[in-house]
Amino acid sequence: MSSCRPSSSASDNDWLRHEAFVRVDRRTVIDRRHFLRAVGGGAAALSWSQALSLQAAALKQRNRACILLWMQGGPSQFETFDPKPGHENGGPTKAISTSAPGVEISENLPRTAQAMKHICLLRSLTSKEGSHPRATFLMHTGYLPTSSVKHPTLGALVTHQIADREFELPSFVRIGQGRAGGGASAGGGFLGVEFDPFSVASAQRPPDNVQPATTEARFRRRLKLLGRLQDEYASSGGRQEVADHEKLYGKASKMVLSPKTGAFDLSKEPEKVRAAYGDSPFGAGCLLARRLVETGVTFVEVNLGNWDTHLDNFARTKELCGQMDQPYAQLLTDLEDRGLLESTLVVWMGEFGRTPRINPRGGRDHYPRAFCAALAGGGVQGGQAIGRTDAAGASIDDRPIGVADLFRTICHGLKVNADQENMSGIGRPIKVVDGGETVREVFGA
Amino acid sequence: MLSKSSRPKSTRFQSVRPAPCGVAMGSASAVLLYTNLLLRGLAATAVSAIGMTALLPGRALAADTEPGVAAADAVAELAAQIDRILIEETGGESVERAAQAGDETFLRRVWLDVTGVPPAPEAVISFTKDRDPDKRAKVVQSLLDDPRYGQNWARYWRDVILYRRTEERALLVSASLEAFLKEQLNANAPWDQIVSSFITAEGDVRENGATGLIMAQGGQPEDVVSEISRIFLGIQIQCAQCHDHPTDRWKREQFHELAAFFPRVAVRPDRTGPQRSFLVTVNDRPFAPRGNNNNRFVGSPEHYMPDLDDPAARGTLMTPAFFVSGAALEVGSPDALRRWTLATAVTSKENPWFAKALANRLWAELVGEGFYEPVDDLGPDRTASAPRTLEHLAKAFSDSDYNIKQLMRVIMATDAYQQASRVRRGAEESPFLANCSQRLRGDQLYDALASLLGIPDQVGLGGPGRGPYGMGGGPRALFNATFGFDPSERKDELAGSIPQALAMMNSPLIAAGASARRGSRLGRLLSEIPDNEQLVVELYLRALSRQPSEAEIRTCLRYVKEVGDRNEAFEDILWSLINSAEFLHRK
């Protein structure tokens, strides 16, 4: 918390490695863009899938990407990744074995169990925040909410550091409407609206306003006329406003005219692939996330809500797991098949867990003291579970992991410098992550 | 710099009275509060101890004689004093200041600032032709009497309160909050009365908009008092919630003493009515029933400051006390007494922060830069960019018994307000040498588009919408979700976003409104005005409330010729005007 830079020599080496990586990577990014431009020139001759496989080849060496699967409401760890069969707190939920020897998860997640070899479970997450908005903010930013400092959300922190600023599509896309989409944990915070997510309400239809309202030729003609009509305001006190406006319109129109916006269109995907993700909003969200990452988007957040099971926890969590299981497992498999899993960190988490005690309405209440998250890809060593809760699921027996530890671990997987200081609105330098330590076992260290 | 002699001088006395209903409401609500206190069995000693009986007749007297209401010449005189002090404080007469803004710029500015909508073409033409030297003061006065004034500023305060919500479902208070504020502001209810209503509110949040501030924070005492302090006093006392701040004066204990005015208040869901809602409730019973599911549905008798070393412990019992004046109550005091005491202390003329916070905020909104930035961070250890000017303005506001319309009239009569705008100053340049361009808030932009394109205003926020609480429906709400921003943010840090640019360029709603098809606004103009130059002028007047320059006319006419298709060309011109930086700002 107190020192700016980790003092151990291991961390110093880490820091140097990070610098080297970024330098190499920048060059890679430039090469990729030239490469893609060359491909784009002859695009007519290439099918969509051919173009994509060419892109994927170039993307293998690129910077990291992250897909955050956000489970709004606080999923029950007992009915997902830390079942306690045989204990009264476990309820009727059974455990099943997985593709990772010795790791058992809830019977609600059969497909995920098969993909367990990619997944590293964190079963000993712990925090103190038991209210939805505060915990949602904490698990999105690593900080507690205050009205004086608007902390940036994870997607903003990551894209701020590792995204290509010249990329035609938004580097940070949020899919689906969840609580995370509104309120204080929404976006770029003090980093600015430039780092707000580009929100797609539903993956099942194209995002609003990306298609021009006219032909492309006329759209270009209009942009030219607009450019000619801005002088008067610029010369009467609006010079800065006009300059900012032109920059913004330049970026927005580049997106409108870019062939890459086709990534938002799921109908371009073969029927078989769509079926593999399942016909559900979350399935479509995961497929869109894969398409976006494949196109070069750095951070995609996909929301799945309604995990707040104070009532009728077992049936409702089972139903929610049904929505989540297939798309999640398919996403990991698909990323691996395309050679993207190594560079794409997939994070599954919600704002807290649920009480060991089953309440009289068959529900579980908020429980931040011990809960789960799941990491995959991005150098994560799959097929393991880190941390352990006691038989009752009430407290942590082994290796508590705090929110700052989790954030530092995510940063490590994405080659993001967690100690970088960003300037807040009131002129206070604020680290990407305050305190905490990387959970090295996650990466097999 | 505009010389004093060219300032439009008042030529006749104008008696400006607040609407009678505002006055009536002032005393009525005070009496109601008093009755409320008596009904709750408040000890008479407690009443006299806090001087309530002494205060009530004072307010009644103020209402009868209206000592704080100034005539037009008094407003002009106050504005001149403000300008004089401001010049002294910002480099004197030798510093080069922006000239007075032209009539067209001024008119669009005051319309947007006061009513939230741009002036219609007829208003622009009649104002520029008007030779009355008093016309600027008169238009300000008439716009303040327009009901759109209350609507515009109600939306402003709705955003101030709701953008910092920690309870997402507070959006359902939106409609009632807006309605409450609109009524109060149009009636010119004094600011202390409006603020007291927010602090003492109770009841169904859909019915009583004054519950908005408490609802926005889910009734959490720490968050509610932080917002009261931030919005109404400009003091960010929440920094002291967890630790003693090294540079600020107030201590952690004082923060929790402030929170101790609010422990008995809570917000609880109400599903008994036809629509789901929330109730702001009070619990004065000695033992509060436990809330369930970590939700705080019922208030507790007292507030405890958490023990930082042992978060599970109950903490230290706090006595309600107001950090500015020291006004304090006994532990065990009923809620009505607590909140009445806090409201009285916050709005007291003895509390300098109260008048200063609003004077600073309104000045920032109108002139483009606050004496303090951000507008809700005044101290205690910050420095104003022109402290004596702010003192003078705040004192005038306090002397007027917190007359908001008068405060606006004074600011809008200053040279500082009426100057042309320039690029926002750098840190090393003197402040207030010019007005500053302001980005339109979501509602202003929506109204500008709606009036330009003839889009009917449909349901607003809180109208029939989606989800169990019926939130977030209607085109205005959707538009605000993309274009809205927290009005307490620093203006120099507001920036446009990609989704905003995409919406302006490509939104089907705007595209349909700006099409030349028969029956649309543009379609009608195309057939009514056969002359191309006249049509260009008409579109400029409608979109930007000004005449086009010669160069702009030439560019547009050349464009019409190039394109060949008249309808298409004018659609493109209108598209360009809507998508210009000028349309998005007020100069």
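The table below gives the values:
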{"quantity": "Unique match (being touching a residue at least 12 places away in the same chain (Cβ under 8 Å) and either in a helix (DSSP H, G or I) or not hydrophobic (A, V, I, L, M, F, W, C) (or both)) among B:GLY332, B:GLY326", "calculated": "B:GLY332"}
{"quantity": "Positions within segment A:226-243 being more than 7 Å from chain B (Cβ to nearest Cβ) and closer than 17 Å to B:ALA495 by Cβ, in sequence order", "calculated": "A:ALA243"}
{"quantity": "Matching residues, segment B:93-109, being farther than 30 Å from B:GLU428 by Cβ and surrounded by fewer than 22 Cβ atoms within 10 Å (Cβ to Cβ)", "calculated": "B:ASP103, B:GLU104"}
{"quantity": "Qualifying residue in segment A:263-277 (condition: hydroxyl-bearing (Ser, Thr, Tyr), without any contact (Cβ under 8 Å) to a residue 40 or more places away in the chain and under 30 Å from A:LEU331 (Cβ atoms))", "calculated": "yes"}
{"quantity": "Selection from segment A:210-220 of residues that are out of contact with any Leu (no Cβ under 8 Å at 6 or more places or on another chain) and more than 7 Å from chain B (Cβ to nearest Cβ)", "calculated": "A:THR214, A:THR215, A:ALA217, A:ARG218"}
{"quantity": "Residue tally, condition open to solvent by 20 Å² or more (accessible area, probe 1.4 Å) and either at pLDDT below 95 or among the β-branched types (Val, Ile, Thr) (or both), over segment B:336-371", "calculated": "2"}
{"quantity": "Lone qualifier among A:PRO145, A:PRO207, A:PRO133, A:PRO152 - being modelled with pLDDT under 95, more than 22 Å from A:PHE81 (Cα to Cα), surrounded by 20 or more Cβ atoms within 10 Å (Cβ to Cβ) and more than 13 Å from chain B (Cβ to nearest Cβ)", "calculated": "A:PRO152"}
{"quantity": "Index of the failed condition, B:ALA240 passing every other in (1) of a type in the set (Gly, Ala, Ser); (2) open to solvent by less than 20 Å² (accessible area, probe 1.4 Å); (3) modelled with pLDDT of 95 or more", "calculated": "(3)"}
{"quantity": "Test: residue in segment A:183-196 that is open to solvent by less than 10 Å² (accessible area, probe 1.4 Å), at pLDDT 90 or above and at negative phi", "calculated": "no"}
{"quantity": "Residues (small (Gly, Ala, Ser) and either touching a residue at least 12 places away in the same chain (Cβ under 8 Å) or open to solvent by less than 30 Å² (accessible area, probe 1.4 Å) (or both)) located in segment A:210-233", "calculated": "A:GLY227"}
{"quantity": "Residue tally, condition modelled with pLDDT under 95, over 24 Å from A:ARG354 (Cβ atoms) and of a type in the set (S, T, N, Q), over segment B:255-307", "calculated": "5"}
{"quantity": "Residue in segment A:312-326 that is of a type in the set (Phe, Trp, Tyr) and in contact with a strand residue (DSSP E or B) (Cβ under 9 Å, 6 or more places away or on another chain) present", "calculated": "no"}
{"quantity": "Residues of segment B:71-92 classified as modelled with pLDDT under 95, under 17 Å from B:GLU429 (Cβ atoms) and open to solvent by 40 Å² or more (accessible area, probe 1.4 Å), total", "calculated": "1"}
{"quantity": "Evaluation of A:PHE371 against (1) open to solvent by less than 20 Å² (accessible area, probe 1.4 Å); (2) under 18 Å from the mean Cα position of the chain (by Cα) (one fails), failing number", "calculated": "(2)"}
{"quantity": "Candidates A:ALA315, A:ALA289, A:ALA276 - the one that is touching an Asp or Glu at 6+ places or on another chain (Cβ under 8 Å), among the aliphatic types (A, V, I, L, M) and in a helix (DSSP H, G or I)", "calculated": "A:ALA276"}
{"quantity": "Residue within segment B:89-102 that is out of contact with any Pro (no Cβ under 8 Å at 6 or more places or on another chain), in a helix (DSSP H, G or I) and not basic (Lys, Arg) present", "calculated": "no"}
{"quantity": "Selected residue [more than 23 Å from A:GLU216 (Cα to Cα), open to solvent by 20 Å² or more (accessible area, probe 1.4 Å) and not aliphatic (A, V, I, L, M)] from B:ARG586, B:ARG524", "calculated": "B:ARG524"}
{"quantity": "Criterion (open to solvent by 10 Å² or more (accessible area, probe 1.4 Å) and of a type outside the set (S, T, N, Q)) met by exactly one of A:GLY353, A:GLY339, A:GLY378", "calculated": "A:GLY339"}
{"quantity": "Candidates B:VAL410, B:VAL375, filtered to the one that is within 14 Å of chain A (Cβ to nearest Cβ) and either open to solvent by 10 Å² or more (accessible area, probe 1.4 Å) or within 30 Å of A:GLN240 (Cα to Cα) (or both)", "calculated": "B:VAL375"}
{"quantity": "Hey, A:SER236 within 15 Å of B:ASN579 (Cβ to Cβ) and buried (at least 17 other Cβ atoms within 10 Å of the Cβ) or not", "calculated": "no"}
{"quantity": "Selected residue (only one of B:GLU222, B:GLU183, B:GLU202 is within 23 Å of B:ARG271 (Cβ to Cβ) and either over 16 Å from the mean Cα position of the chain (by Cα) or open to solvent by 30 Å² or more (accessible area, probe 1.4 Å) (or both))", "calculated": "B:GLU202"}
{"quantity": "Any chance B:LEU544 is facing another protein chain (nearest Cβ under 10 Å) and closer than 23 Å to B:VAL124 by Cβ", "calculated": "yes"}
{"quantity": "The listed residue being over 24 Å from A:ALA113 (Cβ atoms), within 14 Å of chain B (Cβ to nearest Cβ) and open to solvent by 60 Å² or more (accessible area, probe 1.4 Å), out of A:LYS268, A:LYS251", "calculated": "A:LYS251"}
{"quantity": "Selection within segment B:556-573 - open to solvent by less than 20 Å² (accessible area, probe 1.4 Å) and within 10 Å of another protein chain (Cβ to nearest Cβ)", "calculated": "B:CYS556, B:TYR559, B:ALA569, B:ASP572, B:ILE573"}
{"quantity": "Test result for A:PHE219, more than 26 Å from A:VAL173 (Cβ to Cβ), over 20 Å from the mean Cα position of the chain (by Cα), assigned to a helix (DSSP H, G or I) and not polar (S, T, N, Q)", "calculated": "no"}
{"quantity": "Some residue of segment A:293-308 being more than 14 Å from chain B (Cβ to nearest Cβ), in contact (Cβ under 8 Å) with a residue 12 or more places away in the chain, open to solvent by 30 Å² or more (accessible area, probe 1.4 Å) and within 18 Å of the chain's Cα centre (by Cα)", "calculated": "no"}
{"quantity": "In segment A:110-130, residue nearest to B:SER488 (Cα to Cα) [restricted to those that are open to solvent by 10 Å² or more (accessible area, probe 1.4 Å) and either free of Cβ contacts under 8 Å to residues at least 24 places away in the same chain or away from chain B (no Cβ under 14 Å) (or both)]", "calculated": "A:ARG123"}
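The values are calculated or read from the model by the stated rules, or taken from the named source; none is laboratory data. Every value quoted in this text rests on a predicted model; they were computed, and no experiment measured them. Glycine gets a Cβ as well: all are built from the backbone with ideal geometry, and neighbour counts include every protein chain shown. Surface areas here come from the heavy atoms of the whole protein model, side chains and all, with no ligands, DNA or RNA. Shrake-Rupley method; radii C 1.70, N 1.55, O 1.52, S 1.80 Å.
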